[in-house]
Structures are given as structure tokens and as C-alpha cells.
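Just below is one structure, and these are the notes that go with it.
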There are 2 protein chains.
Amino acid sequence: MSKRVTVNEAAAMLTAADRVLILIHQFPDGDTIGSGFALCHALQSLGKTARVACHDAIPEKYRYMVSAVPQPAFEPAFICAVDVADSKLLGESLQPYADTVDLCIDHHGSHREFERHLLLDASMGANAMIMLQVIEAMGAKIDQTIADCLYTGIATDTGCFKYSNTTPLTHRMAAQLMEAGAQAEPINRAMFDIKSRARMHLEKLALQAISFYDNDRCAVMCVTTDMIRESGAEENDMEGLSPLTRQIEGVWVGVMLREKTDGDYKVSVRTGAHADAAAICGLLGGGGHPRAAGCTLSGSVEEVIAQLRDAVHRAVPRITEVT
Amino acid sequence: MSKRVTVNEAAAMLTAADRVLILIHQFPDGDTIGSGFALCHALQSLGKTARVACHDAIPEKYRYMVSAVPQPAFEPAFICAVDVADSKLLGESLQPYADTVDLCIDHHGSHREFERHLLLDASMGANAMIMLQVIEAMGAKIDQTIADCLYTGIATDTGCFKYSNTTPLTHRMAAQLMEAGAQAEPINRAMFDIKSRARMHLEKLALQAISFYDNDRCAVMCVTTDMIRESGAEENDMEGLSPLTRQIEGVWVGVMLREKTDGDYKVSVRTGAHADAAAICGLLGGGGHPRAAGCTLSGSVEEVIAQLRDAVHRAVPRITEVT
């Protein structure tokens, strides 16, 4: 059982600490990277030794957050996880730290406790919003490096202020970070607008391969390893593909199945107000947020779709009603 | 020559007026509709008679702004245009009013004066931002109807806070409007997320028909009447198609040519930081904003592309440089 702490208590723990190792989640996204590197830079600006560890390499498009923050080698004396909802999500190479995390700062309602102290605020659309409060409470200056990192976290986790997790506070924090120097437009362009030609090609192929179920309220898009090969798409070309299904008029549950090289399928579920994505994925051993969740399934594509549809029917019984 | 007025002067003119006819631009978008109906509702809430006139019908997706605001018939005593950059943009049926506009409230840097009094603020990403200031200065309450209208204007004209015209003030106004009751998530979902199956189909066809010029820095997507017919797309399925070209990695100038039923082409130009869309379209008899502008061209598709490329080369000479 973790001890719950407040923003001020978490800030006090961090300002009392040194040689801080910051753990972010595997398959890192803008929010975990932004939260982690903002904290790392804030600690360094207060004269402390800190670095960020991640099971995976930081994708190219996020490197602007990394390049400004030195990553010294040292023996950790304090371990802080950020945006990590479950110790499994640290990934294999960081599992040795799973039972020794001093503090976790997270915003997932589905958080599974694994740390000594937990700062959890599921009302925050992005973990970076909690991190802004913590860094301010630590007395560190919100400089441009921190502003770029935290703006990125907020923008990416709220779909650029589009999703239901956006609140007036989200907008006020964005305003504050822009005034602190966050380069909102180039960040948003890099995060949301720019698509490689390979990605454009993959999108065309994937759009041609959407199946509809349950009165067209469930849309399943299957992205195969063949499609990825044909398009020339790389890992970072895959981002933002999963919401496409949910964007189709009348769809309650949008699903992207991504064939992995080991034959398993990575399942991304996106829902509107009529369905709970975390409930669907929870039935399949995964989890996430009410509107965006995920899991991994094994079997042929037909078997995977059957498992998935069964979970959808159990979690969203109304989806099969004819109106 | 128009007389320039301040927010307070414009508000004073409106509170002194009655029987106000509000003119919005043809092919109405979220910002002109939101600004117009917010002003109409504010005037009505102050006990005045007011209605909105538009050359075109209000598209279905924007109807939620219209339904809450009664539109009585009356002989106008004061005429106010909103978000109208040029009297030509009133459209044919509103041309009789072009020389009798008492006040225009606009945010286009390319504004061509036609009105008696002009409130112009090109620093505002959306006309709805100016309208919020005017309505507050009029002493009207920002209720949910006004909040929904103005939030829609701000969100649609800033690409949901993504474009370079988004400022800290834009975010603070969004926060204020959400607190006043703006239903941000369903609005954003309707404006940005939901695509009909016909639109998905059209997008697939259009993506297959992109040509690249000038070291792939210029991308031209031609949407023909045949494609529109094959996909079953309707007018409101066309929105948001033009930015697709600019989203391709390395593209400075993204162009959508839309074949009209009379054989002309409607040209939409979208640019990044390297090129000025208004300058390109200005050379072709059109206009707009630095990152988004438009014009109409006649001729075969090859002739239209030749005219366009010539304007691009004149407005953006660096586009042909090999680096």
C-alpha cells in the first residue's frame, strides 16, 4: 500500500533528495517524456544530480526535450517514477527498480500501486499538469526548457486541448507555459501536423481495411506487418493512427489492431461518450483511460476480433441494441 | 475610408442601436457564425431586436449555434458585419447592404475597408476573441449560448489551439468560456473529429492524387467533381481537407484545388513558416491569412497549376533553391 502525498509533500521530498533517478514508462509518449525531463531539468537547476531512465529509446520527434538536459551517470539515492500507471509499464530493463520506487507522480485513474509514496491526481488530463505544480512548489524557475517539456506533455495527452480531459486549468497552464517561452506552434506542428510520406501511404492502406460491427458502432482497423512494410512506415509513423476509427460518424468504439512481429496484436481502443475504453481493455488484461485504453491479444486476427467483440459486448451491452 | 473604433466605442454603438442586422460572410465557417450569433443573442439579451443574415445556408454541423437564437423579421436600423474581410465576401444576396454597413468587427490583416466604422484587431486569432471583448463591454452576460458560439469560433479558427495564431490570451479566453458553460468536448468532437464515411472515402481518393513540385516543397491535391461524386461526399464533408497537403513532411506550400461545377477551381493554400499564403493568393486575386488563404482560378487543371506555381515562385523565391 502506497502512502498518498500532496503536491507540497512530493515537492519537499524531491528538494530534500539528491542523485535522483527518474523513471518513465516504456513506449514513451510526450507526457511521460515531458514530465520526466522537466523534472530532471528542474532538479539540476536546483543544483542536484539527476537523470531520466527509459526502457526504450526516446523517439526522434521528442528529442528536442532531451537535448537540453544533461544525463550524468551516478548511483541513485532516490527513485521517482512519472506517468507510470503500473510497475509493469517500466518495461523489462527497469524492472529491477520496480520495488524500490520512492515516489510516483501519476494521473491515471487506473493506477496500480507499487511505490512507497504516491502523488496521484486523476483530474489532470496530463501528468505534466501535476508536474508543473510540483516544480513550482519546489521553487524552481519555469524556464523555456521546462515550458517546452510541460507544454508538450499537456498538448499530447489532451489531443491539443480537444479531448474531454481538457479543463479551464489545462488552458490556463498552457497560457502560463507559452508566456514562459514554450514554443507552442513548432511543437504542435511536430506533434500533430507533420506526417511523413510513408505515414500518408500507411494511412491510405489502413483506411481501406476497416471492418464495421454492431450496427456500425464498432470499427476495427487492422494494421498488418505487410502494410507497414509496403508503406515504409517506421515506429514513429504509427502514432495517432488509432484515433482514426473513432472519428467515423456513428462509431462508439474504435479499435486499431496492430500485428506485432511475434504474431501478437497490440490493441488500441478509443471511445466516445457511449463507451468506456478502460472497461473494455480491463476485461482483456489491459487498462488505460475512459476514452483511450489498450491491451495485447494473441491468436489469429479472427480470434483476436472475436475476443475483442466479446469484451465490447460485455462492457457496452447497449452497443448491440437496434434503435 | 472607414473610421477606426475601439472595443468600447464599438460596444457603445451597439448598445445605442436597435433593430440590428448582423451580416456574416458567405461559405460561413465556425468563426463568422459563432461571432454573429453570439452578438445576436447578446443584443437580444439586452432587450434589442436583432437577427443574422448570411448569403448561404448555415451548414448542419453549426446548427447548434443557430437554434438557440430567435431570428425575427424587421426593417434594419443598424447594420453590423462580423468577420467580413471584404464586402465581396458578403455574397451576392447581401451586396445591397455593402455600402450601408455601420460597423464591421474583423480580425483579418488583409481587411479591405467598406464600412463606416471598423473595429479591426489582426492580433486576434479568431474574430470571436474580439467579440468576447465587445459583448463584455456591452454589459451582456456571457451565458452558455454565447460561450458555445464564441468557443466554437476560437476553436475552429485556431485549429483547436494548434495554429501559430494561438496566444496565451486565446487559452485564457477558452478557459473563461468553458467556465461560462461552453461544451468544449462535444463541440470539438463535432468540429474536428467526426468524419462521415463518405468523407473518409473522399480522403482516400484525394490522398492518391497529390502531385509534388519544387523539391517536394509544394504539394498540390486536386479534388475533382468525379471524386466527390464517387465518394458521395457533400459540401460539409469538404471541410478540413485543404490542410492535409501542408501536413506532409518537408512541404512549405500545400494547395488544394477543388473543381467547381462551373469549371473554375477554388484554390486553398496552406503554408508553414517558410511561405506566406496571403502573399501567394494576393498575386492571384485572392487573400487571407499568412498561413491560410484562398483564391479562384479559371482554366484547365494544367493551366491552373501553372498559374499557381508561377505565383508561388514569385511570392516564395527560395522554394526552388536546392539545399
Subject >> Unmet requirement for B:Ala180, which otherwise passes all of (1) away from chain A (no Cβ under 12 Å); (2) in contact with an Asp or Glu (Cβ under 8 Å, 6 or more places away or on another chain) >> reply: (1)
**OP:** Just give me the residues in the stretch A:16-60 being polar (S, T, N, Q) and open to solvent by 40 Å² or more (accessible area, probe 1.4 Å), in sequence order.
**Re:** A:Gln26, A:Gln44, A:Ser45, A:Thr49
Original post:
Just wondering, is there one or more residues in the stretch A:41-51 that are modelled with pLDDT under 95 and under 19 Å from A:Leu90 (Cβ atoms)?
Top reply: no
**OP:** Look through B:Thr145, B:Thr166, B:Thr170 and report the one residue that is within 14 Å of another protein chain (Cβ to nearest Cβ) and in a helix (DSSP H, G or I).
**Re:** B:Thr170
**OP:** For A:Tyr213, indicate whether it is touching a residue at least 24 places away in the same chain (Cβ under 8 Å), more than 13 Å from every other protein chain (Cβ to nearest Cβ) and of a type in the set (Ser, Thr, Tyr).
**Re:** yes
Subject >> Residue satisfying condition, being closer than 19 Å to B:Phe27 by Cα, outside the structural domain of B:Gly159 (by TED's automatic domain parsing) and crowded, with 20+ Cβ neighbours inside 10 Å, within set B:Gly294, B:Gly285, B:Gly240, B:Gly263 >> reply: B:Gly294
Original post:
Inside the stretch A:177-296, counting only helices (runs of 4 or more DSSP H) that do not spill past its ends, which hold 3 or more residues that are of a type in the set (A, V, I, L, M) and out of contact with any Leu (no Cβ under 7 Å at 6 or more places or on another chain)?
Top reply: A:197-207, A:277-282
Subject >> Residues of the stretch B:149-176 that turn out to be touching a Phe, Trp or Tyr at 6+ places or on another chain (Cβ under 7 Å) and closer than 22 Å to B:Thr15 by Cα, as a count >> reply: 1
Original post:
What number of residues within the stretch A:148-163 satisfy the criterion of being of a type in the set (Gly, Ala, Ser), within 14 Å of chain B (Cβ to nearest Cβ) and part of a helix (DSSP H, G or I)?
Top reply: 1
Original post:
When the stretch A:86-119 is examined, which residues are found to be crowded, with 16+ Cβ neighbours inside 10 Å and part of a loop (DSSP other than H, G, I, E, B)?
Top reply: A:Asp86, A:Gly91, A:Ala98, A:Val101, A:Asp102, A:His107, A:His108, A:Ser110, A:His111, A:Phe114, A:Glu115, A:Arg116
**OP:** Starting from residues that are facing chain A (nearest Cβ under 8 Å) and closer than 22 Å to B:Val253 by Cα, keep the ones in the stretch B:193-209 and report whichever is farthest from the chain's Cα centre (by Cα).
**Re:** B:Gln208
**OP:** Would you check which residues across the stretch B:136-155 are in contact with a His (Cβ under 9 Å, 6 or more places away or on another chain) and open to solvent by less than 30 Å² (accessible area, probe 1.4 Å) and list them?
**Re:** B:Ala140, B:Ile146, B:Cys149
Subject >> Complete set of residues in the stretch B:1-41 that are of a type in the set (Ser, Thr, Tyr) and touching a Lys or Arg at 6+ places or on another chain (Cβ under 7 Å) >> reply: B:Ser2
Original post:
Would you call B:Met1 farther than 25 Å from B:Ala155 by Cβ, open to solvent by 10 Å² or more (accessible area, probe 1.4 Å) and at pLDDT below 95?
Top reply: yes
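The values are calculated or read from the model by the stated rules, or taken from the named source; none is laboratory data. Please read these numbers as outputs of a predicted model, since none were measured by experiment. Counting neighbours? That spans all protein chains shown, and the Cβs are built from the backbone with ideal geometry, glycine included. Calculation scope for accessible area: heavy atoms of the full protein, side chains included, ligands and nucleic acids excluded. Shrake-Rupley method; radii C 1.70, N 1.55, O 1.52, S 1.80 Å.
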